[in-house]
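Below is one structure, written out as structure tokens; comments come after it.
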Amino acid sequence: MMLSRLKRDLTMAEAARMPGGSRVDLLVVADMVARGAKVLDIGCGDGELLRLLAEIREVDGRGIELSREGVNEGVAKGLAVIQGDADTDLSDYPNDAFDYVILSQTLQATRQPRVVLEHMLRIGRHAIVSFPNFGHWRIRLQILFRGQMPRTDNLPYAWWDSPNIHFCTIKDFRDLCMVAGAKMEQSVALNAWGSPIRLKVPWWFWNLFGEQAVFLLSRKNSEQTGK
Amino acid sequence: MVNRPPSKAMAVKVSEMVEAVLAPVDRVRETDEPHSEVVRFGSDKPLRLDAGVDLSPFQIAYQTYGTLNAARTNAVLICHALTGDQHVANVHPVTGKGGWWDTMVGPGRPIDTERYFVICPNVIGACMGSSGPASTNPATGQPWGLDFPVITIRDMVRAQAMLLDHLGIESVFSVAGGSMGGMQVLQWTASYPERVFSALPIAAATRHSAQNIAFHEVGRQAIMADPEWCKGRYFAERKDPRKGLAVARMGAHITYLSDAALHRKFGRRFQDRDNPTFSFDADFQVESYLRHQGISFVERFDANSYLYLTRAMDYFDLAADYEGVLANAWKGSSTRFCVISFTSDWLFPTAESRAIVHALNAGGARVSFAEIVTDKGHDAFLLDEPELLAIVRGFLEGAAKARGLPAVQRR
């Protein structure tokens, strides 16, 4: 069902307009965003997702990026990007300032993932989080047989120079959603080839075969904020 | 030994001396009858000043570049800095040098005069054709001097709004400026949010810090300590406080650079000599450079204007107009902002720009913010900084698309 919606919304014409084509995980995120929404992308890099969202979803997009190079590249592309740190700067944003707050492949690089997620749920009516699944079978096998921190195409760093300091599995992330008061509205796992796992499968299967996961979240009890 | 015919060296020296004598004459002429477009506002259109008095009649000198489109949607207002003027992209009528923002403004430049209609007015209180202390006071027929009312950044902006009214421009596509120009940009977005589609405050702040006020005070004291200042009546006394103004400029110029830039440019190198002279000559290159900066500045600037404009910057505190809450200055603003700072700027450090960005975010405004790595200090905004140029270009292109301005067809 997800894929059919993807096909419907992201027509070939739209995809062709994106220079160099787009990563599937970004297309999955884009599919969760309503047209014309106000979006904050935390850790937006050089602004690839923001550009995609502006192009095919006509969003009013803003970005925060830690690296100066990323920010300057994004601003030069005409995007509204500011230099900032997800761990410290989110508290400056007022409640319900955005329709969607997106954390794409950045959760594992934050110092306080729970605080960041709670801020996202406060600032946005929805939060979208995508992250590499540390429970994927290949990662499990690498630890089991090599006895070393795993390195994959998605996670190419050595442990000592990795920006990724808070890895989690899909199951772990579900636990975080519980404690942070997030309601899971939609979830997609991408397999090793980057395509969505379509089958209605139990969580343990996702946790084993999903290389990446994308979650659409909202506040469990929206009246709680503001108190 | 340099083998040069003495007559030529002599001729150069004489022409330099003549220029030095004539330059102030040119400068004084520019204050009332400038080499620029001038709008004169009569007694029916007074300028209401923050000081509580009306300035009337008064005039604004301005330069324009490019063509205003039929829908009048492509105007870019450029606000100049403390010692700048309206000659942003043309040869200066007094110094004969190129425009102060030639790298940024012109055909094919980031602020593209083939696409945008660029307006740069001389600020009120300055000395290049807009009413200021060197202008003739219509009531007495003499230069205003210290009888000119103290003006603020908001007064400058109010006057610019009257200029836009006069030109029939309802709203500008963008307002851009650095330093004191950036202060005007910020004031524009707060005072007239509906008239500003996009804004580029560069190396700016919403208030002048205590340190900056202190530096300005040193400059003002240098001017006022010059016996030729004559309590501001130097025109009537046929005097010129060149020394005081030059010292003020020398001090200020240091704050526009950085330790690293000064070291890179001059180090401890000697000027045209191999050993110290054991005197107070300009032994060091950096001394010679500063003296040159001071001397060339007095040729084109009025000492009293320097007092008035530094005062206007000192008084600037945008949050104070909004119960101390900066975010309230931009509540509900739909202006697109691009805030830019420089790593080595210690006059308007990045923290000041960050405060602007936080306040804009709190109000939900659309803001971009970039900090550019450079060792060139505050003056970096005037220089050929590729990253600065790329960011301004990209930001304006994005905004132009949103405003529906067509791209330039280039052959």
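Quickly run through the range B:234-260 and pick out the residues that are assigned to a loop (DSSP other than H, G, I, E, B), under 18 Å from residue B:299 (Cα atoms) and either under 20 Å from the mean Cα position of the chain (by Cα) or not acidic (Asp, Glu) (or both).
Within the range B:234-260, B:234, B:235, B:238, B:239, B:241 meet the criteria.
Can you give me the number of residues within the range B:276-294 that are buried (at least 16 other Cβ atoms within 10 Å of the Cβ) and β-branched (Val, Ile, Thr)?
Final tally of qualifying residues: 1.
Quick one: residue B:92 ticks every box in (1) open to solvent by 10 Å² or more (accessible area, probe 1.4 Å); (2) within 19 Å of residue B:112 (Cβ to Cβ) bar one, so which box is it?
For residue B:92, the exception is condition (2).
To keep it simple, each residue is scored yes or no on (1) out of contact with any Leu (no Cβ under 7 Å at 6 or more places or on another chain); (2) at pLDDT below 95.
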{"site": "B:242", "(1), (2)": "yes, no"}
{"site": "B:260", "(1), (2)": "yes, no"}
{"site": "B:289", "(1), (2)": "yes, no"}
{"site": "B:305", "(1), (2)": "yes, no"}
{"site": "B:309", "(1), (2)": "no, no"}
{"site": "B:326", "(1), (2)": "no, yes"}
{"site": "B:333", "(1), (2)": "yes, yes"}
{"site": "B:353", "(1), (2)": "yes, no"}
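If you go through the range B:393-405 one residue at a time, how many are more than 9 Å from chain A (Cβ to nearest Cβ) and not small (Gly, Ala, Ser)?
Qualifying residue count, the range B:393-405: 2.
Sort through A:42, A:139, A:128 and tell me the only one that's buried (at least 18 other Cβ atoms within 10 Å of the Cβ), over 17 Å from the mean Cα position of the chain (by Cα), away from chain B (no Cβ under 12 Å) and within 25 Å of residue A:206 (Cβ to Cβ).
A:139
Return the residues of the range B:135-183 that are farther than 19 Å from residue B:85 by Cβ and among the aromatic types (Phe, Trp, Tyr); say none if nothing qualifies.
B:173
Go through B:355, B:329, B:312, B:359 for me and flag whichever is closer than 30 Å to residue B:230 by Cα and among the aliphatic types (A, V, I, L, M).
Being closer than 30 Å to residue B:230 by Cα and among the aliphatic types (A, V, I, L, M) holds for just one of B:355, B:329, B:312, B:359, which is B:312.
Is it the case, given these coordinates, that residue B:59 is touching a strand residue (DSSP E or B) at 6+ places or on another chain (Cβ under 9 Å), within 21 Å of residue B:169 (Cβ to Cβ), at pLDDT 95 or above and open to solvent by 10 Å² or more (accessible area, probe 1.4 Å)?
Yes; evaluated as a whole, the condition is true for this residue.
Filtering the range B:396-405 down to residues that are touching a residue at least 60 places away in the same chain (Cβ under 8 Å) and open to solvent by 30 Å² or more (accessible area, probe 1.4 Å), which residue is nearest to residue A:69 (Cα to Cα)?
Residue satisfying both the conditions and the ranking: B:402.
Within the range B:379-411, track down each residue that is in contact with a strand residue (DSSP E or B) (Cβ under 7 Å, 6 or more places away or on another chain) and acidic (Asp, Glu).
B:385, B:387
Take the residues in the range B:198-233 that are over 30 Å from residue B:186 (Cα atoms) and either of a type in the set (Ser, Thr, Tyr) or in a loop (DSSP other than H, G, I, E, B) (or both), then tell me which one is most open to solvent (accessible area, probe 1.4 Å).
B:233
Hey, does the range B:273-287 have a residue that's in a loop (DSSP other than H, G, I, E, B) and β-branched (Val, Ile, Thr)?
Taking every residue of the range B:273-287 in turn, at least one turns out to be in a loop (DSSP other than H, G, I, E, B) and β-branched (Val, Ile, Thr).
Anything in the range A:51-103 that is in a loop (DSSP other than H, G, I, E, B), surrounded by fewer than 18 Cβ atoms within 10 Å (Cβ to Cβ) and facing another protein chain (nearest Cβ under 9 Å)? List them, or say none.
Correct list: A:94 only.
Kindly indicate the residue of the range B:365-375 that is at the interface with chain A (Cβ under 9 Å from one of its Cβ atoms) and open to solvent by 10 Å² or more (accessible area, probe 1.4 Å) and also nearest to residue A:79 (Cα to Cα) among those meeting that condition.
It comes out as B:366.
Every residue, every condition in (1) part of a helix (DSSP H, G or I); (2) in contact with a helix residue (DSSP H, G or I) (Cβ under 6 Å, 6 or more places away or on another chain); (3) in contact (Cβ under 8 Å) with a residue 24 or more places away in the chain, yes or no:
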position: B:311; (1), (2), (3): yes, no, yes
position: B:320; (1), (2), (3): yes, no, yes
position: B:345; (1), (2), (3): no, yes, yes
position: B:352; (1), (2), (3): yes, no, yes
position: B:380; (1), (2), (3): yes, no, yes
position: B:394; (1), (2), (3): yes, yes, no
position: B:408; (1), (2), (3): no, no, yes
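Could you please find all residues in the range B:95-131 being hydroxyl-bearing (Ser, Thr, Tyr), farther than 17 Å from residue B:31 by Cβ and either in a strand (DSSP E or B) or open to solvent by 30 Å² or more (accessible area, probe 1.4 Å) (or both)?
B:103
Any residue at all in the range B:376-384 that's within 14 Å of chain A (Cβ to nearest Cβ) and not hydrophobic (A, V, I, L, M, F, W, C)?
no
In the range B:325-339, which residues are under 14 Å from residue B:174 (Cα atoms) and either open to solvent by 20 Å² or more (accessible area, probe 1.4 Å) or facing another protein chain (nearest Cβ under 9 Å) (or both)?
Matches in the range B:325-339: B:334, B:336, B:337, B:338, B:339.
This table checks each residue for (1) in contact with a helix residue (DSSP H, G or I) (Cβ under 9 Å, 6 or more places away or on another chain); (2) farther than 18 Å from residue A:60 by Cα; (3) in a strand (DSSP E or B).
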position	(1), (2), (3)
A:115	yes, yes, no
A:121	yes, yes, no
A:125	yes, no, yes
A:134	yes, yes, no
A:140	yes, yes, no
A:143	no, yes, no
A:153	no, yes, no
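The values are calculated or read from the model by the stated rules, or taken from the named source; none is laboratory data. All values reported here derive from a predicted model rather than from experimental measurement. In this analysis, Cβ positions are derived from the backbone assuming ideal geometry, glycine residues included, and neighbour counts consider all displayed protein chains. Keep in mind that these areas ignore ligands, DNA and RNA; they rest on the heavy atoms of the full protein, side chains included. Shrake-Rupley method; radii C 1.70, N 1.55, O 1.52, S 1.80 Å.
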